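Structure record follows, encoded as structure tokens.
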Amino acid sequence: MLHIADQIPVQSDFWQNAEAVIVNAPGHGRALAELFGRQDIMRVDFLPPGYLALVDRWRVALFRLALTPAENELMA
């Protein structure tokens with residue numbers, strides 16, 4: 001299931017059962033660290049421009065998508 005959100009209410013059942021989260025902007029590090037129980041996840045708050053992060057219980061993986069300028073606008 002894909003769910004797009006501006007905020008992460010860590011007490012909700014939906015977020016408690018999330019297996020992975022893709023992050024496209026800084027600002028969610030604290031909530032994700034609480035959700036997954038790992039402080040190193042807070043580094044997503046320093047996500048470089050143009051990068052996404054895949055976060056789960058085992059890893060924080062940064063990656064860059066090769067998108068057209070119009071596609072990048074959709075991500076902003």
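The values are calculated or read from the model by the stated rules, or taken from the named source; none is laboratory data. What you see is a predicted model, and the numbers here were worked out from it, not measured in a lab. Don't worry about glycine lacking a Cβ; one is built from the backbone with ideal geometry, like all the others, and counts go over all protein chains shown.
Observations
- Candidates in segment 49-64 are the residues that are over 10 Å from A20 (Cβ atoms) and in contact (Cβ under 8 Å) with a residue 12 or more places away in the chain; of these, the one that is surrounded by the most Cβ atoms within 10 Å (Cβ to Cβ) is A53.
This table checks each residue for (1) modelled with pLDDT of 90 or more; (2) among the hydrophobic types (A, V, I, L, M, F, W, C); (3) under 11 Å from the mean Cα position of the chain (by Cα).
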| position | (1), (2), (3) |
| --- | --- |
| Q7 | no, no, yes |
| V10 | no, yes, no |
| F14 | no, yes, no |
| V44 | yes, yes, yes |
| R59 | yes, no, no |
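- Remark: A70 matches the filter, which requires a residue to be without any contact (Cβ under 8 Å) to a residue 12 or more places away in the chain, more than 19 Å from A5 (Cβ to Cβ) and not in a strand (DSSP E or B).
- Residues located in segment 32-59, provided they are more than 24 Å from L74 (Cα to Cα) and assigned to a helix (DSSP H, G or I): A33, E34, L35, F36, Q39, D40, I41, M42
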